[in-house]
Structures are given as C-alpha cells and as structure tokens.
Amino acid sequence: MPPAPGLDTGVSLAMTSMFQMSSPPGHPKTKASSAPPPTAPKRHCWECLRRRLVCDSGTPYCRKCVDGGVVCPGYEDKKPLRWIANGQVSSRPRQSRSAPATAAAGRAKQPPRATVVSKKKQQHATQHEMQISLPERSGCLGILPHMDTRSTTWDVVQAAYYYNTWVLPTYDSALELAPNPFIAPFPLEILPYLTDGLRHTVVALAIGHRIHQLPKDASRGASVDLWSRLFHHRLLAIRELSHDIASEDTRASDNTIVTIILFLFVELQQMPATNWRQHLDGLTQLIEIRGGAREFLKTLPALAIGMSSFFLVGVMANTTCPPLCDNSAASHYALLDLLGTMYGEGGYPTCLCPPSLFVTVVEINYLRAQQARANLLASTSCAGAAVVPNPLLLTSDQHIDLPLVPQLEHGESDESSTPSEAACNTAETPATSIQTIDSFSPANQEGPDMTTTPAAQPLDIDANASRLLKDILAFSPAEFSTSSLHSPQQQHPTDSSSRATDRLVLGRLWQSALVIYLIASLQSAGALRRSSFRRGQLGGLRAVHGQRLYEQLQLAVVSERLKRSVLWPLVVCGFDAAEAVNSAVSLSGTGGGSGDESRSAAAAERRKFVETRLPILGHDVGTSLPDYARVVLRKFWDSGRADWDGCFDGSYAFVT
C-alpha cells in the first residue's frame, strides 16, 4: 500500500532542514553555488632546484635568482645548457661500489654472506676482517705487509737458514787467517729450545743484515716491509726481555743474559743512534748478580764466546766515548788477566785485533779515565790539596823508560834532526834506536811537594803512557804474521804466502791505529803535554803512523779476508785526517809553501777515501754503523777541531 503523500513530504522536508543545520558556516550549498576551477602548481626554476631553494615562480625571471646575481635559467621542461670554465666539471659519474677484479675473484670462492646484518654487528667487525677488507678496497694487496700470515717459528727458521746459507759463507775467507770461535754455523736443532725473546732477537738480527744487502735500485716497498718486520720483532723482544727481567726467577738466567748480548748487537748494528749503553750497563749489573765475570765464566764456561763479545763491545766503545761516561774502564782493567787469557788461547776478537794489542787498548782506556778523573778532582779541590788516583798507577820507586829519543835540556836545540825525523827513526827501529830517559820517573823529581800536588798526577800517567807506547812500538807485525797460533796448516804455498801477507797488513794496521789513539786520546785528556819538544816528538810519530795507517788500509779494503774488519781503523784514519788538514792549514798560514799544500791535499785524499769506503763496508757487513760513523766524522771535520774528545763527544761504539 503506498505511503500517504503528506507523510513522505514531511520526512523529506525534515531531512533537508537537518542537513542545512549541520553544515558549517560558509559551506557551499549544493544547489546554491559551484566549485572554482583548480589552479596549476607553481613551477620552480632550474637554479632554485639546483640550490634546493623555494622558488617564488616570478615571471619572467625568478626574483631569488635576480637577488643572488645569477641568470635565471627559466622554467622550461628541459634544463638549458650552461657554459663552464676550462678544467671544471659540472657533474661526476657515480663510482661503482664493486671491488677490484682480484678481490671479486677471491670472494667468488667464499660462501655467500647474510644480506641483512645489524648495524651493531657491522661496527664490531673483527680485526682480521678489517685487515683483509682494507687492502682490498684500496687495491694494494701486494704492498701492505701481513703480519698475521707469519708465525714466529717460521721467522726464526728462516733467519737461521739465512745466516747459514748467506751470511756465514762471506766469512769463510776470514777463517783462513785463524780459527775463530765467533764464526760458526747456527745449529738448527736448538731452535725448539729458544725462548721467545731470543727468537725475536735472532730474527731482528737477520732482518737487519738483509736490509743492508738490498741493492740500491730495490723497490721502496721491499725496504718498508723489512723495516716494519724488524721493528715488529724488536718490540716483541723488548717486551719479552722486560717480562724476564721483572721476574726474579729469570732476571739473571743464562737465557736472559744471552738474549741481552744479542739484542745489544741488534741495537748497535741497526740503530746505533739509540741509547745502546743502557743495555750494556744493565747486562753488567746482571753479571754482578751472578757473582761477577770471573765467577760467571767459572760456573758456565759454555758462555765464554758470548762474554767475549760483551767485553769486545765494552772495550772498543770506551775508546770512542767520553772517558767518564761510566766506570767500565776500571772494571775492564781489573779483569786484565782474564781478558788476556780469553783472547790469548787461540781466539781473538771479531774485529781481528791482535790479542796483545787488544789488551793494550784496555790499559789505554784506563789511563784515559784516570787522567779525566784527576782533572775533575783538580778542578773541584782546593788549592794545595792532594789529588791521589784510585788506584795509584805508579809508586815512587818504580821507573819507566820512555820509548822516545833523549830529551833535551832547557835551552838546548836539536840541530841534527827535526822532531818529525826523530819520530820517523823511532818508528822504523823501535827496538834498537830508542834510548831511555829518566826525567819522567817519580823517584827523580826534586821537591817534597811534587808527589802531593795535582801537577804530580800527569807524571804517573805520562810514565805509564810511555810504557804502553813502547809496548805498541815493540810489537812485531812480522812475527805476528808467521806465528803458529795464527797460522793454521796450509796446503798450498801460494795461499800460505797470501795469508801471511794479510796478517802482516793486519798487524801494521792495528799497530799504527793504536799509536794514534794513545797519543791523541791522552793528549786530549791533558796528558803527554809537559814540554813543547816532547809534543813535537809525539806529533812526528803520529804523522808517520797516520800515513802508514792510510797505506795499510788501502791494502786491507781490497783483501777478501780483511775488508769486513777495518771499521775502527777506518774511523781512526778519518779522525787523523782532520789533524793533518789543520796542521797543514796552520803551517801554510806562516808561509809553509808548496809542501804544506801537498800535505793538505794528502789529508783531503784521506778524507775522501774514508768517506767512500764506509758505505761499502756497511753493505758488506750488513750494518748501519759505518754510515753513522761517516756522519760523526763529517760533523767533526766541519767543526774545525782536532782533539779526540771533540770528535767522539757521545756514546759511540764502532765495532762489528
């Protein structure tokens, strides 16, 4: 039945009125108004898009571009072209994140990794992954060293093999002069029993030798890799030594002492500018804990070779160090009989110094230290106070003959010969033409105060220095060359003759070097300066042996048996060249003439010879000590000084 018309109309009117009442103010009525047409979105110019600014869409140009002093490129659909200056680019292609081909090939063999990894795990990547990923990204896999791929066992085996197959054969010719316990193959069977500190020290010693064997045109990468490995093993050796010394059980053990001796050679051979004397002094204290050198060698004679190396470094270092740097000169003098036995029973130092002359070096070092001590006490004591050395060098009833020509009385002149000629005659026939004098004997001094004043101290040292000089000049290189102790059984007469010639050169070499060292070092300390005539005699003797040392060095550097053992004589020759130059310059200033110019040229020739041979020696021996010696000598030559202490004013040890 259809609804009533009145009801339907009332409901419709009610709904229409309710809709109008619920509409918010201003809402357009459906039938009263229509919506405006939609407006187009604003366009941004290309410059505002590039600069990421909100463009004002002004026409014909953007207002922001005009204010910024930029030509507005407009609102076209296509970006307009723009001129740029030479060398500039408007955009760069995005670099590919893919790894190099070698790295990609290596990763292709690895199992796939998870694609979703948390950020926290990525930040805490392991060190091994970082070491691999960093070289891969930089593309330098063949340059950066990989320490994690090497083990200490592999390094020490390689070091021992390198020594036996590369280093040891170069010293076969030196063994022809005499049996030498210092030169022996490295026993591979003891490698499992080496401590960690000793292993790292052996590896560092072998790597240091290898560095100096590289050719001059070797790549920088090879040198950097070896140096990094050297410092790596040096650091680990120091760490192990510190741990052993900190423990009372291993502080003075045999392994610790042997490790320190080898580590001392590492510091000297490769880093001589470091404070190597700390290791020497520390080792001395550890030996004292074991009861001293005598007791240590008595209870453990197997370490005699290691102790010989220790004493060798200490004695030769005292020659080129300040005399009061420590008390080792006195301790070596107290062990003079032990050193004489150690180097007198078929063995001799690796520097090939004759045993009798090596003991003389110990005595010269002691005299030099006593003279410096007397100077220090004399400068600090009050006037007239007694200065007595400890221990006394001479007693009042001792008498020492000087190995010089007779001393002239005051006011008397020597018209028959000059001091240089007298010194030359003395050097040629030291055993027959030397006459004795008594003026330096303390028993012949007049006046009760001569033995109690500071001036009496140089007299005792002068007498002992004269005795040592006489012993050095009495040394016979000819007897040394034919000695049965230093002449093994020869099979070929030709080889026997050449070896005797080399031993003769060796004896003359060290004899002349020690004459220069004794005179120069003691005069620099204040001894051997009592009269101008005696200083002239010593100056002439030194000039003769300086020329002889240079001549013998020219023969030694070309000998396969001797060329690796001439570092200290080369340094002495370089020092003496400065004195020769200064003497020639001072004489030329007084009108010396062409003779002085020739002496100056000869001294300059010695300098050039020493400066040329030192780097070659460093390459042959595998050490940086010769290069460091050249730096020290250059500094001394440029200073204009001529005294021994002026040249060796620091802790130097030129011994290989």
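Read-outs: derived from the displayed coordinates by stated rules, not from any lab. Computed from a prediction, not measured in an experiment: that's the story for all the values here. Positions of Cβ are generated from backbone atoms using ideal geometry, with glycine treated the same way; all protein chains shown enter the neighbour counts.
Details
- Cβ-derived FRET efficiency at R0 30 Å, L336 paired with L168, nearest 0.05: 0.40
- Ordering of 304-315, 517-528 by packing is 517-528, 304-315, highest average first (other Cβ atoms within 10 Å, averaged per residue).
- Packing, as the average of other Cβ atoms within 10 Å across residues, places the peptides 234-244, 285-295 in the order 234-244, 285-295, highest first.
- Available extension along the chain between W83 and K42 is 12.0 nm, counting 0.36 nm per residue and deducting the alpha carbon span.
- In percent, rounded to a whole number, the relative contact order of the range 152-299 is 22, using alpha-carbon pairs under 8 Å and six or more apart.
- Stretch gain in nm, segment E189-A218, where the contour uses 0.36 nm per residue and the Cα spacing is subtracted: 7.0 nm
- Straightening the chain between A478 and A601 buys 41.1 nm, computed as 0.36 nm per residue apart minus the Cα-Cα spacing.
- Projected label distance in nm at T299 and F182, using a 7 Å step from Cα toward the beta-carbon: 2.7 nm
- Calculated SAXS-style log₁₀ I(q)/I(0) at q = 0.10 Å⁻¹ - the range 195-323, Debye, Cα scatterers: -0.36
- Whole-Hz couplings from phi, Karplus 6.51/-1.76/1.60, listed for the range 191-204; x for Gly and Pro: 4, x, 9, 6, 6, 5, x, 5, 5, 5, 5, 5, 5, 5
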